[in-house]
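The numbers here are math on the coordinates, done by the rules we state, and not lab data. Source: prediction; values computed, not measured. Glycine gets a Cβ as well: all are built from the backbone with ideal geometry, and neighbour counts include every protein chain shown.
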Amino acid sequence: MFQAGEVDYLVATDAIGMGLNMDLDHVAFARLGKFDGRGPRQLSAAEIAQIAGRAGRHMSNGTFGATADQGPLDPELVAAVEEHRFDPLTRLSWRNTRLQFRSVGALLRSLDERPSGPGLVQTRDADDHRALQLLSRHAEVTSLATHPGAVRLLWRSAKSLISAR
């Protein structure tokens, strides 16, 4: 509706920074914090730049700022975003992609595998991993997952439970 000109404003969460490409002229931050799955934290300059970068994506220079409730943005933060000055990455979250489907236990062990490369840190248990852990505690579930195809189905089911939320 916004893109079609039917509404004048678009209100979105910080997820807008994950690739929404629309004709936005200005991004106004109502908050510079977020809940990251563990607790509240401030957005980094790089995250703010990613979100603010939605403005002007299509052909014009966009602007960014904050709502009155948020107050003025720190000038150092604004300069960092405008000049693309961000803290260097020192580590990357990693999750094993070579999953083993021989059994539920083998799948859980492969999800628990630690990274071997420098600068890689094991990602905290994702929701689908936790769902599988919970499902694996039920004998009636694990008694059905007796071959690789059934374990794959259980894994897809755990992932589907999470995405359906």
*Under Karplus coefficients 6.51, -1.76 and 1.60, residue-wise ³J(HN,Hα) of the stretch 132-144 in Hz, glycine/proline x*: 5, 4, 5, 4, 5, 7, 9, 4, 5, 6, 5, 5, 8
*Pop out the ³J(HN,Hα) list for the stretch 87-104 in order, Karplus 6.51 cos²θ - 1.76 cosθ + 1.60 with θ = phi - 60°, rounded to Hz; leave Gly and Pro as x.*
4, x, 6, 10, 7, 10, 6, 10, 9, 4, 9, 9, 7, 9, 10, 4, 7, 4
*Starting from the Cα gyration tensor of the stretch 1-147, take the square roots of the eigenvalues, sort them a ≥ b ≥ c, and report rounded, prolate or oblate (rounded when a/c is under 1.5, otherwise prolate if a/b is larger than b/c, else oblate).*
prolate
*So what is the 222 nm mean residue ellipticity for the chain from helices alone, if each DSSP H run of at least 4 adds -39500 (n - 2.57) and you divide by all residues, rounding to the nearest 500 deg cm²/dmol?*
-9000 deg cm²/dmol
*Whole Å is fine, so just give me how far the alpha carbon centre of the stretch 1-23 lies from that of the stretch 89-128.*
34
*List every residue whose amide H lies under 5 Å from the amide H of residue 120, counting only residues 5 or more places away in sequence or on a different chain, with H placed 1.01 Å from N in the peptide plane.*
92
_Label-to-label distance, nm, for residues given as residue 60 and residue 83 (7 Å Cα→Cβ offset)_ = 2.8
*Taking H as built 1.01 Å from N, whose amide H comes closer than 5 Å to the amide H of residue 66, not counting residues under 5 places away?*
29, 73
*Angle between the chain longest axis and helix 148-163 axis [Cα atoms, degrees, rounded to 10]*: 30
*Vicinal HN-Hα couplings computed from phi for the stretch 41-49 (Karplus, 6.51 cos²θ - 1.76 cosθ + 1.60; Hz; Gly/Pro x)*: 7, 7, 5, 7, 4, 5, 5, 4, 5
